[in-house]
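Following: one structure in structure tokens, then a few remarks.
Values quoted throughout were computed directly from the atomic coordinates according to the rules given, and no laboratory measurement underlies them. None of the values given here were measured: they were computed from a predicted structure. Methodologically, a virtual Cβ is constructed for each residue, glycine included, from the backbone with ideal geometry; neighbour enumeration extends over all protein chains shown.
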Amino acid sequence: MNKQRCLLVVSGPSGAGKDTVVSRLMQLHPEIELSVSATTRAPRAGEAEGVNYYFLTDEAFEAKIRRGEMLEYAGYCGRYYGTPKSEVDGRLEAGVTVVLVIEVQGAANIKRLYPESTLIFLMPPGIEELRARLLGRGTETAEAVERRLERAKEEMAHAGEYDFTVVNREVDACAEEIWRILRARQSE
Ligand code: 5GP
């Protein structure tokens, strides 16, 4: 199997349930490992350094870019987000399946670098559902929710660039569908 097939990218608008679905996928299939991204946004309550993200200052993030330590990075709602090379390189080499939960520009960059990677776009059932989830989460101000919804619409317009689109109606079914796609790709 081409080692690039060990690379799974999951994107989807904020509130589509990416983190929940990917957590479930990893619970069901513990051999899958998560790539922890770096970001310059502030940690949310309950988020831990090195678990959810590596939380960096702008200066530290830019220094990593300059040193060529980022596999990809993008701006999102005024913050930097990026995948450190160290999260991916060794695992791919070892044939470990690694999942990147990243936005659309980053996903497009990964596909350019690794054409055999599997890109999955997670679609929310609808925009109203998305608004309700974002408001219900209570981690963003009303203004930030609206900004994320605008960004969500832009992102959903890119779904066609992904290898597969999966609608997140129910977490378990969604995680299983992603697993089936991955297994089929890896056994091709
Ligand atoms: P949040 O602030 O909600 O954690 O993440 C905002 C967006 O940034 C999400 O779409 C998330 O998938 C994306 N993101 C997280 N890490 C990365 C990364 O390493 N690279 C890119 N390009 N996007 C990321």
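The figures follow:
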quantity: Residues that are more than 24 Å from A184 (Cβ to Cβ) and of a type in the set (A, V, I, L, M), drawn from the stretch 121-167; calculated: I127, L130, A132, L134, L135, A142, A144, V145, L149, A152, M156, A157
quantity: Enumeration of residues in the stretch 95-108 that are over 13 Å from the mean Cα position of the chain (by Cα) and surrounded by 13 or more Cβ atoms within 10 Å (Cβ to Cβ); calculated: V96, T97
quantity: Residue check, T97 in contact with a Cys (Cβ under 6 Å, 6 or more places away or on another chain) and away from the ligand (no atom under 12 Å from the Cβ); calculated: yes
quantity: Subset of the stretch 146-175 (residues that are more than 21 Å from G106 (Cα to Cα) and more than 17 Å from the chain's Cα centre (by Cα)); calculated: E146, R169, E170, D172, A173
quantity: Test: residue in the stretch 6-20 that is of a type outside the set (K, R) and more than 13 Å from the chain's Cα centre (by Cα); calculated: yes
quantity: Strands (runs of 3 or more DSSP E) lying entirely in the stretch 1-61 (those with 1 or more residues that are touching a residue at least 12 places away in the same chain (Cβ under 8 Å), within 19 Å of A175 (Cβ to Cβ) and near the ligand (Cβ under 10 Å from one of its atoms)); calculated: 7-11
